[in-house]
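Heads up: the structure comes next, in C-alpha cells.
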Amino acid sequence: MSEMSPQAGAAPTAPEQEVVRICRDLLRIDTSNYGPGQDGPGEREAADYVVAQLREVGLEPQVFESEPGRTTVAVRVAGADRDRGALCIHGHLDVVPAHAEDWSVPPFDGVERDGCLWGRGAVDMKDMVAMMLACVRHLARTGTVPPRDLLFVFFADEEAGGVLGSQFMVREHREVFDGVTEAISEVGGYSVTVDDAKGEPRRAYLLQTAEKGIAWLHLEAKGTAGHGSVPTSDNPIVHLAEAIARIDAHKWPREFIVSVRGLLDGLAEITGVGYSDEDAEELLERIGPAAGFVRGALQDTANVTMLDAGYKHNVVPQTASAALDCRFLPGHEEDLMATIRELAGEHVEVVVDHKDISLDAPFEGDLVDRMRSALLAEDPEASILPYCLSGGTDNKALSTIGVTGYGFAPLRLPADLDFAPMFHGIDERVPLESLEFGARVLWRLVEDC
C-alpha cells in the first residue's frame, strides 16, 4: 500500500466541496448485485473509478478480485503513531437491484432534484463511499498526517453477504488488515428528529454499536407427485404452506440488549415518554420511520421472501420451497435455528444458504468519544444514542479477525425525510446538505481518531 504524498501546486479542496460530485459519479455506475453466480454489471467500473480518484492525488491503492469483475480496493495512509491500532474506514460499492418502472427518476442517472441526489445507492451506501473518497483525497492533497494509520477499503459484494468481498478479503488477504483494531462503516451516525418534553424538536444521532446475526434459509417440502385431479394427503405445497403459516404466526420473545436499552432510555429522557419491556410503541412512534429498524432489534425475526413450487396446473409436484430471511439477536442463533426447525414440521427440511454472526460493541471508549465529538462539533445541541442494526454489514467479516466495528456514516437529515425506508427502497435519495455535513464530520474524525 502507498504512503500518502501531498500534491505540489494542487489547491486543496475540502471534503465537503467535492463529496456531491463524487456521490453523483458513483450513482451513475450501475453496481447492482443480483446474488451468487450472477455478475454485477458495474462493480469493476466503480472500483476503477475509486482507483482513478485515489491515483489522481498521488495514492497507489491495492486492487483485489475474488472473481472476474468482483473487485475490492484498499489504500492505507500512515499515521503519526504507527504503534497504535489502525482504524479501518470501509464501504461497499455494490447495490441491490432497482426496477426503473417503480421509480420517479431513473435509478442510475444520479439525478439532482429537490435538494437531493436520487439514485440506487444514495443511502446504501455510495453516500458514505463518497465521504470516504473526499476525505482520503483531502489527506493526500494537504499532507495531513492522521493520529494513527487509516485503512480505507471499498468492498465488493456486501449485498449478497460479502462472500466475494469482505469475507474473501479476511480469508485470502488477511495481511491487508494487519494492525487494524477498529472499524467504521454503515449504518449509523444519521439523525432522527424527536419532540422533547417541551414539544421542541431535538436531533438525536443513532450510532450503531450492534448488529443482528443473519440466517438466510430455505424450506424444502417433499411430498408425492401425482395427478391434480386425485385427492392427496402428501402435497408438498400444502406442507410448505402450513410451515410458513406456523413460522409467520410465531411470537418471538422480546429481549432488550444493551444497545437497545440505551437507545430507549435516551429517547425516554429526551421526550419524557416512558416505556416498558412489554410496550415501547408510544416511544418508538416518536422517531418516525426509523422505528422500523429499532422494532427489528427487539426480538429475533423470520420473514418469507420467495416461493417456488409446481410446474403445471394439473400436476401435484414432488417438492416445494420457500426462502426465509431470519435475523437473530446476539446469543440467539441456536435458539432461532431450533425454533425454525420445530415450526417447519416433519415434512419440511430447513436448509442453511448463508449464515453470519451477530455483533455487539461497547458504547464507550476513545473511538466512540471521538465519533461523538465529531458530530457535536457540527451539531452541538444534538444527542448521541446507541442502537442495534436489524440488518448486517461488512463489520461482521472484520470481527472474525478481531476488529471491533461501528456504524458511523454521519448525516444530518431533515425532520420530514423518511430516511430509513429508503434502504433497498424506491426513490432512494440523500440531501446535498446532508452529504456535505457528513463529509465535514468524517473529516473531523479522520483528524482526531
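With all protein chains present, how much of the accessible area of the chain (probe radius 1.4 Å) comes from carbon and sulfur, to the nearest whole percent?
47 percent
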_chymotrypsin sites (Phe, Trp or Tyr not before Pro) within segment 302-388: DSSP coil, no more than 10 neighbouring Cβ in 10 Å_ = Tyr311
_Cα gyration tensor category, rounded, prolate or oblate, for segment 226-336 with a/c compared to 1.5_ = prolate
*Estimated dipole of segment 235-347 in Debye, rounded to 20 [Cβ of Lys and Arg +1, of Asp and Glu -1, Cα centre]*: 440 debye
*Once you put a point 7 Å from the Cα of His424 and another 7 Å from the Cα of Glu45, both along the Cβ direction, what distance in nm separates them?*
2.5 nm
*Using the alpha-carbon atoms, what tilt in degrees (0 to 90, nearest 10) does helix 258-271 show relative to the longest principal axis of the chain?*
70 degrees
*Loop-located trypsin sites (Lys or Arg not before Pro) in segment 375-449 whose Cβ has at most 12 other Cβ within 10 Å (DSSP)*: none
*Could you state the angle between the C-alpha long axis of helix 126-142 and the longest principal axis of the C-alpha atoms of the chain, as a value from 0 to 90 degrees rounded to the nearest 10?*
20 degrees
*Expressed as an acute angle from 0 to 90° and rounded to the nearest 10, what is the orientation of the C-alpha long axis of helix 15-27 relative to the principal long axis of the chain?*
30 degrees
*asked:* What distance in nm separates the two pseudo spin-label positions at His173 and Asp416, each 7 Å out from Cα along the beta-carbon direction?
replied: 4.5 nm
_On a full-extension model of 0.36 nm per residue, what is the gain between Tyr311 and Trp252, subtracting their alpha-carbon distance, rounded to one decimal in nm?_
17.8 nm
_Ranked by how many other beta carbons lie within 10 Å on average, peptides 280-286, 431-437 from highest_ = 431-437, 280-286
*In debye to the nearest 20, how big a dipole does segment 136-225 give about its Cα centre with +1 on each Lys and Arg Cβ and -1 on each Asp and Glu Cβ?*
200 debye
*Quote the charge dipole size of segment 30-129 about the Cα centre in Debye, to the nearest 20; the model charges only the Cβ of Lys and Arg (+1) and of Asp and Glu (-1).*
420 debye
*Given the peptides 97-109, 147-159, 297-309, arrange them by the average over their residues of other C-beta atoms within 10 Å, most packed first.*
147-159, 297-309, 97-109
*asked:* Starting from 0.36 nm per residue, how many nanometres of slack lie between Ser233 and Arg21 once their C-alpha separation is accounted for?
replied: 70.2 nm
*Can you flag which of Lys126/Lys355; Lys126/Lys212; Lys251/Lys355; Lys222/Lys251; Lys212/Lys312 are past 28 Å Cα-Cα?*
Lys212/Lys312
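The values are calculated or read from the model by the stated rules, or taken from the named source; none is laboratory data. Keep in mind that this is a model prediction, so the values were computed, not measured. Positions of Cβ are generated from backbone atoms using ideal geometry, with glycine treated the same way; all protein chains shown enter the neighbour counts. The accessibility values were calculated without ligands, DNA or RNA, using every heavy atom of the protein model including side chains. Shrake-Rupley method; radii C 1.70, N 1.55, O 1.52, S 1.80 Å.
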